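Visitor: What follows is a single structure, and I will ask about it in a moment.
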Protein chains: 2
Amino acid sequence: MAEAVNIKRLAQELNISIATVSKALNDSYEISLKTKNRVWDLARELNYTPNPAASNLRSNKTKTIAVVIPFVANNFFSLSIMGIEEIARQYGYHVLIYQTHENIEAEKAFTNSLLNGRVDGILTSVSSSEDNREYYANLVKKIPLVFFDRVYEDLDAVKVTTDDYEIAYQATEHLIDCGCTKIAYLFGLENLPAGKARFAGYLDALKAHGIAPSAELVVNYLDGEALNLEQIKKLLEKFQPDALFSSIEEFIIPAYCACREVGLQIPDDIKILSFSNLSTAKLLSPSLTTISQPAFEIGREAAKCLFKILHKKQLDDEQNIILKSVLIKRESTGC
Amino acid sequence: MAEAVNIKRLAQELNISIATVSKALNDSYEISLKTKNRVWDLARELNYTPNPAASNLRSNKTKTIAVVIPFVANNFFSLSIMGIEEIARQYGYHVLIYQTHENIEAEKAFTNSLLNGRVDGILTSVSSSEDNREYYANLVKKIPLVFFDRVYEDLDAVKVTTDDYEIAYQATEHLIDCGCTKIAYLFGLENLPAGKARFAGYLDALKAHGIAPSAELVVNYLDGEALNLEQIKKLLEKFQPDALFSSIEEFIIPAYCACREVGLQIPDDIKILSFSNLSTAKLLSPSLTTISQPAFEIGREAAKCLFKILHKKQLDDEQNIILKSVLIKRESTGC
DNA sequence: TTTAATTACGTAAACGTTTTCGCGTTACAG
DNA sequence: CTGTAACGCGAAAACGTTTACGTAATTAAA
């Protein structure tokens, strides 16, 4: 604190100009190796680190990226962040985190606050509460941005997603293979391509197997665990489905509880399957069949793409990167 | 991007000096309300937002805090971050996240990189792999810092923790009340006050009930799920404990698996209890009795303390804030 | 030998703010 | 009418970098 060690100080001690010091620190070709070494040694000795604000101001680079997501306390997103962090660290970048809480206004406010040079780029998984497509259509023109998992289609930006349609189709077939014919669908992310693709996979699999979909068997996600519990209990009592296909993790607890409260045995009376990155899925009672998304890899991949853009490297042809999810069969689907 | 809108631009359009604009934006008493309104209106119209780098450089304030934690993909920490974020947003601060992966070198490297004015303050939960006390003893002199959950004692800094000793004592008594006399301890965070306090609570409760502790019944955490599974299986086979008291969440999966593989029924043959913030604890097979820490509140409280320090408000007397954990009894302790 | 190119470094401006200091105007007391 | 505040604002320096440009010394080419 006391003895501010900055470039000027280094320059004075070494009797050279601050320009030379700056260039030496940045390993410029203009500076001789001898001088560079003198600078580097003294910098290390005095524990010099460049002032980020000054550096940002002058160079217009912050070496910082922002991650804008609905929540961090969520298995998928926290794993994604781990992947992002890993790559960011490799590149020497810092990571700012913003949670939108699925609030579209917060989402706009945060991202807007990032446009004045606070960060070099943004990684985001958009809020599902409302359609915010127009906003993002504008945003992608203003700052390097990569979408992951929750994306908007047809925007001029890189998108890292998973094979939602295919895996949902495959999962539905699994339920059918297990003898289910009345498969209820717990619908989340309805406003987003991911949610629509999952639902489409479910519907198409039903049709391919000659099962007529029924709107009565579809439950839309509501905000609040208790509400969903009520919804699912009503569903179970009124329409007696023989399976629950949950498209988002948030339905798991209410689904299990609802079955218990209604007195249904899993998987004998009803089978359950859910999109989820829960590490304890195998310990649930009974263990839960899940569609597990490669959350960590999604984070890594998205971050890699962003850094390619930031470093102006040509992106390998495609703007859409699709990773594979995996269906992990466990007791809750019982076969 | 094109038409950089900055203070100079505002000043030109309004035909006043940049000093006046700056002061108006900061609501200085020196400026008349009339002028302020003109500035504010134009700023809004042109979508002006101050350049953070310039502002930071001049004022030495970043409106940014850092959170340095072992992992974000962890129920406790991700909840803490939610709490921190909530408070930070109220104060208009940005949040940088750094994961140490329990690596003491990464821990030092990150925090050192924050000392050049990148952030105004730090919130941290220290790595448990080694003792890094000396480093922090120095660090707290250089930057406002608040510890939460995983702290070092006797440092001149605010510490937000939980009642580890008391709740561990209480939990052990609960196991004893359920008839257990041979209670194994799955030991984590051994290098930290939290880990030591939990263990002490366990030991003291045993003694108070006339049960002699045994070193054979203590298993230390190893890095890697498989290793812990092996350890616990050996423990079960060699010493037949009638309860497992796990001091950290990471033991839950290996503990459950070990019991299954060895053929022990929970809670009939053996009871299990663990520190944990797992939201699915009640859905496990059988549901898990947990000590649940108020993770969200810890984050909130820690952030509040940091902002008090940053705003030079006097801290209410005490440097140690202790929140209460809660013991949630479920099937795995079966009584 | 002369000229051109290269190397190694310095000067100074610039990035967009904040803030100190000073100055002119108005209001009011004496 | 003069002297003194108070008010409202502007000029300019400062924060610590980066970088365009200039220049002297050395080397290579002619």
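The values are calculated or read from the model by the stated rules, or taken from the named source; none is laboratory data. Please read these numbers as outputs of a predicted model, since none were measured by experiment. Here the Cβ is made from the backbone with ideal geometry for all residues, glycine too, and neighbour counts use every protein chain on show. Accessible surface areas use protein heavy atoms only, side chains included; no ligands, DNA or RNA. Shrake-Rupley method; radii C 1.70, N 1.55, O 1.52, S 1.80 Å.
Visitor: One residue is enough: does segment B:74-91 have a residue meeting the conditions assigned to a strand (DSSP E or B), within 22 Å of B:Ile143 (Cα to Cα) and more than 8 Å from DNA strand D (Cβ to nearest atom)?
Guide: no
Visitor: Would you check if there is a residue in segment A:216-233 being within 27 Å of the chain's Cα centre (by Cα) and among the small types (Gly, Ala, Ser)?
Guide: Checked segment A:216-233: at least one residue is within 27 Å of the chain's Cα centre (by Cα) and among the small types (Gly, Ala, Ser).
Visitor: Tell me, yes or no, whether segment A:282-301 has at least one residue that is without any contact (Cβ under 8 Å) to a residue 40 or more places away in the chain and over 20 Å from A:Phe148 (Cα atoms).
Guide: Scanning segment A:282-301 turns up at least one residue that is without any contact (Cβ under 8 Å) to a residue 40 or more places away in the chain and over 20 Å from A:Phe148 (Cα atoms).
Visitor: Can I ask one more? Could you tell me which of the residues A:Leu96, A:Leu42 is more than 12 Å from DNA strand D (Cβ to nearest atom) and over 36 Å from the mean Cα position of the chain (by Cα)?
Guide: A:Leu42
Visitor: Return the residue satisfying two criteria in turn: it lies in segment A:29-60 and is more than 12 Å from chain B (Cβ to nearest Cβ) and near DNA strand C (Cβ under 8 Å from one of its atoms), and of such residues it is most open to solvent (accessible area, probe 1.4 Å).
Guide: This residue is A:Tyr29.
Visitor: Do the conditions hold for A:Ser17, that is, is it closer than 19 Å to A:Gly121 by Cβ, within 12 Å of DNA strand D (Cβ to nearest atom) and not assigned by TED's automatic domain parsing to the domain that holds A:Lys308?
Guide: no
Visitor: Applying the selection to segment A:141-157, what residues are over 16 Å from A:Ala194 (Cβ atoms) and open to solvent by less than 30 Å² (accessible area, probe 1.4 Å)?
Guide: Hits for segment A:141-157 are A:Ile143, A:Leu145.
Visitor: Do you know which residues across segment A:171-193 are of a type in the set (A, V, I, L, M), at pLDDT 95 or above and crowded, with 22+ Cβ neighbours inside 10 Å?
Guide: Matches in segment A:171-193: A:Ala171, A:Leu175, A:Ile183, A:Ala184, A:Leu186.
Visitor: Tally the residues that are open to solvent by 40 Å² or more (accessible area, probe 1.4 Å) and assigned to a helix (DSSP H, G or I), restricting the search to segment B:99-134.
Guide: Going through segment B:99-134 one residue at a time, the tally reaches 6.
Visitor: Which one of A:Leu323, A:Leu235 is touching a residue at least 12 places away in the same chain (Cβ under 8 Å), out of contact with any Ser or Thr (no Cβ under 6 Å at 6 or more places or on another chain) and under 28 Å from A:Ser128 (Cα atoms)?
Guide: After ruling out the rest, the residue left standing is A:Leu235.
Every residue, every condition in (1) outside the structural domain of B:Thr181 (by TED's automatic domain parsing); (2) open to solvent by less than 70 Å² (accessible area, probe 1.4 Å); (3) modelled with pLDDT of 95 or more, yes or no:
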site	(1), (2), (3)
B:Lys196	no, no, yes
B:Gly201	no, yes, yes
B:Ala205	no, yes, yes
B:His209	no, no, yes
B:Glu225	no, no, no
B:Lys234	no, no, yes
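Visitor: Would a scan of segment B:45-66 turn up a residue that is more than 16 Å from DNA strand D (Cβ to nearest atom), under 21 Å from B:Ile309 (Cα atoms) and of a type outside the set (Ser, Thr, Tyr)?
Guide: yes
Visitor: So, one more: Could you say whether any residue in segment A:72-95 is in contact (Cβ under 8 Å) with a residue 12 or more places away in the chain, within 9 Å of chain B (Cβ to nearest Cβ) and touching a His at 6+ places or on another chain (Cβ under 7 Å)?
Guide: no
Visitor: Taking the stated definitions as given, is A:Val21 more than 24 Å from B:Thr62 (Cα to Cα) and either near DNA strand C (Cβ under 10 Å from one of its atoms) or within 14 Å of chain B (Cβ to nearest Cβ) (or both)?
Guide: For A:Val21, the condition - more than 24 Å from B:Thr62 (Cα to Cα) and either near DNA strand C (Cβ under 10 Å from one of its atoms) or within 14 Å of chain B (Cβ to nearest Cβ) (or both) - is met.
Visitor: Among the residues of segment B:76-91, how many are more than 10 Å from the chain's Cα centre (by Cα) and either among the polar types (S, T, N, Q) or open to solvent by 40 Å² or more (accessible area, probe 1.4 Å) (or both)?
Guide: 4
Visitor: Right, something else. Step by step: first the residues of segment B:109-143, then only those that are without any contact (Cβ under 8 Å) to a residue 24 or more places away in the chain and closer than 20 Å to B:Cys305 by Cβ, then the one that is farthest from the chain's Cα centre (by Cα). Which residue is that?
Guide: So the residue we want is B:Lys141.
Visitor: For segment A:265-309, enumerate the residues that are over 30 Å from B:Glu249 (Cβ atoms) and either open to solvent by 30 Å² or more (accessible area, probe 1.4 Å) or not hydrophobic (A, V, I, L, M, F, W, C) (or both).
Guide: Of everything in segment A:265-309, those that are over 30 Å from B:Glu249 (Cβ atoms) and either open to solvent by 30 Å² or more (accessible area, probe 1.4 Å) or not hydrophobic (A, V, I, L, M, F, W, C) (or both) turn out to be A:Asp268, A:Asp269, A:Lys304, A:Lys308, A:Ile309.
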